[in-house]
Amino acid sequence: MEMRHLGRTGLRVSRLGLGTMTWGRDTDEHEAAEQLKEFVDAGGNLVDTADVYADGGAEYLLSRLTDNLIPRSELVIATKAGSVPDSDRRFDTSRGHLLAALDGSLRRLGTDYVDLWQVHAFDPDTPTDETLHALDIAVSSGRARYVGVSNYSGWQLAKAAARQSATPDRVPLAGTQMEYSLLQRGIEREVLPAALDAGVGLLASSPLGRGVLTGKYRHAVPQDSRAASPYLSGFVQPYLDDRSRRIVDAVSTAADGLASSPLAVALAWVRDRPGVTGALIGARTVVQLRAALSVEALTLPDEIRGALDDISAPVHRYPDHEWSEL
């Protein structure tokens, strides 16, 4: 699998990453082990998790697999902190909370450091400098090798990246993790231009439109799908509208013409977009993961890429980046 540098850093990650959002809840230890082995055997090294996935269960499960299956040294482990189970405050990126959360992640992961530590989302109730100071401490203390952010808007990312590159004693942002797919191209308005300008690598989450781009929902909702899950039905529902159906139909037509699958076409589109370092795959089963990994053999022809660009193009209105409509 091709390796890419994350932003303007020396950290090399596989251009497909393994997501673990369902580990420890919908994906048990046996299935997770099969997925991780399949992923590493295919040449992948980037495994993405978070302290809130399965209430820490995903991190704990990953630690069991690095103990018994895959050596820690073969993986680039990325985790996130900042989400909190508080109805009055969804995110807490205060220095105290972040550093305590990092220590908790390290205990669950059974490791002395994480390769990439990310702030899960922007917290308007905490000064940006305080949040960023926690990232500096994480690196200087050896608990994290590289740092990044997630779910930051364009101005938030630009502000954070500028502050972290202002003086030599601060740690530059390596990456930003954002949802990006043919069904969700909102980051092209401001976030992606900001990341490209700052030299911050993009890790694309939900590159298959939360599973909708595989075509599995074209006619009905399968009983074993995420849309039928009590935990994830609300996650999928926004992409089951008429606009999404038109895009899914176009992806399926392209797949037929290439003798490929809708999954591979949609994933290849994201993987090779300008500014994208890697696309994160959140498979539920090893069979699904194996199908996703087969995308390494596919490069989209320019005419098909252009057609998909056109049918899924977001409207850029003033004052969006490169706005075309008032």
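Table: residues versus (1) open to solvent by less than 20 Å² (accessible area, probe 1.4 Å); (2) under 15 Å from the mean Cα position of the chain (by Cα).
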position	(1), (2)
E2	no, no
V13	yes, yes
D28	no, no
Y53	no, yes
E59	yes, no
R64	no, no
E74	no, no
T79	yes, yes
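Counting only helices (runs of 4 or more DSSP H) that sit completely within the range 79-185, those holding 2 or more residues that are in contact with a Lys or Arg (Cβ under 7 Å, 6 or more places away or on another chain) and of a type in the set (D, E) correspond to 128-140. Assess whether F122 counts as being open to solvent by 20 Å² or more (accessible area, probe 1.4 Å), in contact with a helix residue (DSSP H, G or I) (Cβ under 7 Å, 6 or more places away or on another chain) and within 22 Å of M178 (Cα to Cα). Taking the combined requirement at face value, the residue satisfies it. Can you tell me which residue in the range 186-221 is modelled with the highest pLDDT, limited to those that are of a type in the set (G, A, S), in a loop (DSSP other than H, G, I, E, B) and open to solvent by less than 20 Å² (accessible area, probe 1.4 Å)? Looking at residues that are of a type in the set (G, A, S), in a loop (DSSP other than H, G, I, E, B) and open to solvent by less than 20 Å² (accessible area, probe 1.4 Å), I get G199.
Among the residues of the range 98-113, none qualifies, meaning not one is closer than 28 Å to A268 by Cα, in contact with a strand residue (DSSP E or B) (Cβ under 9 Å, 6 or more places away or on another chain) and surrounded by fewer than 24 Cβ atoms within 10 Å (Cβ to Cβ).
Within the range 254-285, the set of residues being more than 16 Å from the chain's Cα centre (by Cα), small (G, A, S) and open to solvent by 30 Å² or more (accessible area, probe 1.4 Å) comprises G257, A259, S260, S261. The single condition among (1) under 20 Å from V119 (Cβ atoms); (2) without any contact (Cβ under 8 Å) to a residue 60 or more places away in the chain; (3) surrounded by fewer than 23 Cβ atoms within 10 Å (Cβ to Cβ) that V47 does not meet is (3).
The values are calculated or read from the model by the stated rules, or taken from the named source; none is laboratory data. Computed from a prediction, not measured in an experiment: that's the story for all the values here. Note that we place each Cβ from the backbone using ideal geometry, even for glycine, and neighbour counts take in every protein chain shown. Please note that ligands, DNA and RNA were not included when accessible areas were found on the heavy atoms of the full protein model with its side chains. Shrake-Rupley method; radii C 1.70, N 1.55, O 1.52, S 1.80 Å.
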